[in-house]
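The values are calculated or read from the model by the stated rules, or taken from the named source; none is laboratory data. This is a predicted model, so every value here is computed, not measured. Positions of Cβ are generated from backbone atoms using ideal geometry, with glycine treated the same way; all protein chains shown enter the neighbour counts.
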């Protein structure tokens, strides 16, 4: 399936791990007009800047993209993107080159105040992070086409003593000698995509196309860079949707050995008809059906090409959290209407650990439902025994600015076993101090079952806020999670972006 850019109205899922500290996100998916939207929390929307001919919208690898040339770039204001707070930076982009060049993909000032991602000779790339100590300046090693025929994923990351440059998901350069704090010079240095316009002049304008640019105020890991190379728009994946949650039609229970000293069972609800399904077992045909999943499903009998379980079945998966469940590794299979499914005996259950199990059903044609409604949680203490019940943590939490001076929190709650029935949700915040006050709740939201919940704050002063949401049961026991949400309230509404332009010809 092709990887296409999200449509214009779709927003970032801020609970996604790739959205953490994402402070600038230009998808360049407008396909018309002379403004581009920044999906990041700071809303540094860009505008075309050119002397005679503007940048041109073109079809790209993932949808629309922009073709740049001499004396044309995108002006994205003068923001610092939080780099001055974290002293870390990452820039990720997808580009192709129409000439051998040393021009800018993204930078804050042509003089790298503090960073600049550019091309280099022979289709290579350069990453610069300037500091008040020792600078980071590194070059990639692989060469790439300069005739516009090759799309390249390039990323630069920096934290003190650790600068890295990646090309197509692979690290090609690194340094460990940089030091100090990022150098900004002042607050008015221009931020540009495809070049900059400074002091009445155009500098290092890109020759070729740019598909997208992402900016973080943290140093991304190698695993995250590879993830963005494979799935550049993963952070736009939708959180759990109410349309995917259905009224319980049956109850399946887990039973099996949890550890050497304890055995536990947990109630698990199954779903009714589910709108999101996938024919994932066909991947095994690439290996003639000789994979672990194909052996469990029985499709080895057909070399992975045909579905054999005409009555359907239920498949069991596991992970350390709901976000890390490995749906590529099928643990075991039971009948579609089975009342019980047990994990394999060889599967370890370590003390002081938590495991999440999910059951997803295949229908008679081999389509598998996509849901987290049929899930169970197993938490073990230091002795390998099941922990005392407590409310679960919340799912799919997100924070967003509304009405220029308010914050709206949205989250989903789904009871998993072992758990105690929550009675309410306590909302806490830090009042811009950097330390969340867990003694005094900002708000208390009554529990009303498995659903989405929302809280909207009173007017707040501009600044950076931390929020935490904890479920509390009737006994006053809260979920002992330290997870929190961060949001920068700028006190202004988003700028209007042209998405439709009409003219007479």
Subset of region 286-298 that is closer than 15 Å to residue 335 by Cα and either under 32 Å from the mean Cα position of the chain (by Cα) or at pLDDT below 90 (or both) - its residue that is surrounded by the most Cβ atoms within 10 Å (Cβ to Cβ): 297
Close pairs from region 202-214: first assigned by TED's automatic domain parsing to the domain that holds residue 71 and without any contact (Cβ under 8 Å) to a residue 60 or more places away in the chain, partner crowded, with 24+ Cβ neighbours inside 10 Å and not in a strand (DSSP E or B), Cβ under 8 Å, at least 6 apart: none
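Give region 343-366 a look and list any residue that's buried (at least 17 other Cβ atoms within 10 Å of the Cβ), over 22 Å from residue 381 (Cβ atoms) and touching a strand residue (DSSP E or B) at 6+ places or on another chain (Cβ under 9 Å), or say none. Quick ask: steps written out before the conclusion?
Here is the first cut: in region 343-366, the ones buried (at least 17 other Cβ atoms within 10 Å of the Cβ) are 343, 349, 355-363, 366.
When the remaining residues are screened for being over 22 Å from residue 381 (Cβ atoms), the result is 358-363, 366.
Correct list: 358, 359, 360, 361, 362, 363.
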Among residues of region 111-156, those that are in contact (Cβ under 8 Å) with a residue 40 or more places away in the chain, touching a helix residue (DSSP H, G or I) at 6+ places or on another chain (Cβ under 7 Å) and part of a loop (DSSP other than H, G, I, E, B), counted: 4
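Answer yes or no as to whether residue 464 is at pLDDT 75 or above, closer than 30 Å to residue 47 by Cβ, surrounded by fewer than 19 Cβ atoms within 10 Å (Cβ to Cβ) and touching a helix residue (DSSP H, G or I) at 6+ places or on another chain (Cβ under 9 Å).
Values: at pLDDT 75 or above: yes; closer than 30 Å to residue 47 by Cβ: yes; surrounded by fewer than 19 Cβ atoms within 10 Å (Cβ to Cβ): yes; touching a helix residue (DSSP H, G or I) at 6+ places or on another chain (Cβ under 9 Å): yes.
Spelling it out, residue 464 is indeed at pLDDT 75 or above, closer than 30 Å to residue 47 by Cβ, surrounded by fewer than 19 Cβ atoms within 10 Å (Cβ to Cβ) and touching a helix residue (DSSP H, G or I) at 6+ places or on another chain (Cβ under 9 Å).
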Lone qualifier among 47, 52 - being more than 13 Å from residue 21 (Cβ to Cβ), touching a strand residue (DSSP E or B) at 6+ places or on another chain (Cβ under 9 Å) and not in a loop (DSSP other than H, G, I, E, B): 47
Filter result for the condition that a residue is surrounded by fewer than 21 Cβ atoms within 10 Å (Cβ to Cβ) and assigned by TED's automatic domain parsing to the domain that holds residue 471, over 405, 337: 405
Output for region 86-101, where each listed residue is farther than 18 Å from residue 144 by Cβ, touching a strand residue (DSSP E or B) at 6+ places or on another chain (Cβ under 8 Å) and surrounded by fewer than 24 Cβ atoms within 10 Å (Cβ to Cβ): 87, 88
Residue within region 418-430 that is in the same structural domain as residue 328 (by TED's automatic domain parsing) and surrounded by fewer than 18 Cβ atoms within 10 Å (Cβ to Cβ) present: no
Qualifying residue in region 15-23 (condition: touching a residue at least 60 places away in the same chain (Cβ under 8 Å) and over 21 Å from residue 216 (Cα atoms)): no
Residue under evaluation residue 364, criteria (1) within 24 Å of the chain's Cα centre (by Cα); (2) more than 28 Å from residue 466 (Cβ to Cβ), criterion not met: (1)
Complete set of residues in region 52-73 that are surrounded by 23 or more Cβ atoms within 10 Å (Cβ to Cβ) and over 25 Å from the mean Cα position of the chain (by Cα): 55, 68, 72, 73
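When you scan region 24-34, do you find a residue that is touching a strand residue (DSSP E or B) at 6+ places or on another chain (Cβ under 8 Å) and farther than 24 Å from residue 502 by Cα, even just one? Don't jump to the end; show me each part of the working.
Going through region 24-34, the residues touching a strand residue (DSSP E or B) at 6+ places or on another chain (Cβ under 8 Å) turn out to be 24-32, 34.
If we keep only those that are farther than 24 Å from residue 502 by Cα as well, we get 24-25.
Yes, that holds for at least one residue.
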